[in-house]
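Trainee: Got a structure for you, written out below as structure tokens; questions coming shortly.
The values are calculated or read from the model by the stated rules, or taken from the named source; none is laboratory data. From a predicted model like this one, the values you see are computed outputs, not experimental measurements. In this analysis, Cβ positions are derived from the backbone assuming ideal geometry, glycine residues included, and neighbour counts consider all displayed protein chains.
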Amino acid sequence: MQALPPDLPRRVKRGAEPMRRRRVGLAVLLVLPALPAVPADECRAPSENIEEALTSAKTCEAAVDVFNACALGTGVDVARAALAQVRCEKGFLGSLSASSKKAYRAELARCWRQAKNGGSYRAMAAGCALNVAGDYSRAMRR
């Protein structure tokens, strides 16, 4: 009969570690759906007036807020995000230096790379681009 190696308990514990992680991961997956969702801001604009609310927003931040509250995650978000992005760019694009404009365009391009996959990725890319414009607008106000 062969003797058991002296480090057997450590090897068993080490081998059990991935199983523990799986159990914890499974527990998290089972508990998360049961947690109440945090309600998003309600879209206060009627669906036919969202575009008007975006273009007439007094600030970039207000346009971003309207977009985020009313986003549907569909193709219509692409056009709506573009309206809000134009509103944001009015406030800062003219005052950016050449190098800052180049950095801004690079960040927008990074957002739109995910749109190559089509569908809802275009809506996510549009939201990303709007967030970039919002960040630049906030930075220029300081």
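Trainee: With respect to Ala71, determine if the residue is loosely packed, with under 15 Cβ neighbours inside 10 Å, of a type in the set (A, V, I, L, M) and under 23 Å from Glu52 (Cα atoms). So that I can check it myself, show each step before the final result.
Mentor: Numbers: loosely packed, with under 15 Cβ neighbours inside 10 Å: no; of a type in the set (A, V, I, L, M): yes; under 23 Å from Glu52 (Cα atoms): yes.
In short, no.
Trainee: Pairs, please: C-beta under 6 Å, at least 6 apart or cross-chain, first residue hydroxyl-bearing (Ser, Thr, Tyr) and in region 44-58, second surrounded by 12 or more Cβ atoms within 10 Å (Cβ to Cβ) and part of a helix (DSSP H, G or I)?
Mentor: Between residues of region 44-58 that are hydroxyl-bearing (Ser, Thr, Tyr) and residues that are surrounded by 12 or more Cβ atoms within 10 Å (Cβ to Cβ) and part of a helix (DSSP H, G or I), the close pairs are Thr55/Leu83.
Trainee: Any residue in region 93-111 that is more than 21 Å from Met140 (Cβ to Cβ), modelled with pLDDT of 90 or more and in contact with a Phe, Trp or Tyr (Cβ under 8 Å, 6 or more places away or on another chain)?
Mentor: No, region 93-111 has no match at all.
Trainee: For region 93-107, give me each residue that is exposed (fewer than 15 other Cβ atoms within 10 Å of the Cβ) and either in contact with a helix residue (DSSP H, G or I) (Cβ under 6 Å, 6 or more places away or on another chain) or polar (S, T, N, Q) (or both).
Mentor: Across region 93-107, the qualifying residues are Ser95, Ser97, Ser99.
Trainee: I would also like to ask the following. When you scan region 42-56, how many residues do you find that are outside any helix (DSSP H, G or I) and surrounded by 22 or more Cβ atoms within 10 Å (Cβ to Cβ)? I'd like the intermediate steps shown before the answer.
Mentor: Kept after step one, since they are outside any helix (DSSP H, G or I), are these residues of region 42-56: 42-46, 56.
Pick out the ones that are also surrounded by 22 or more Cβ atoms within 10 Å (Cβ to Cβ) and you get none.
Result for region 42-56: 0.
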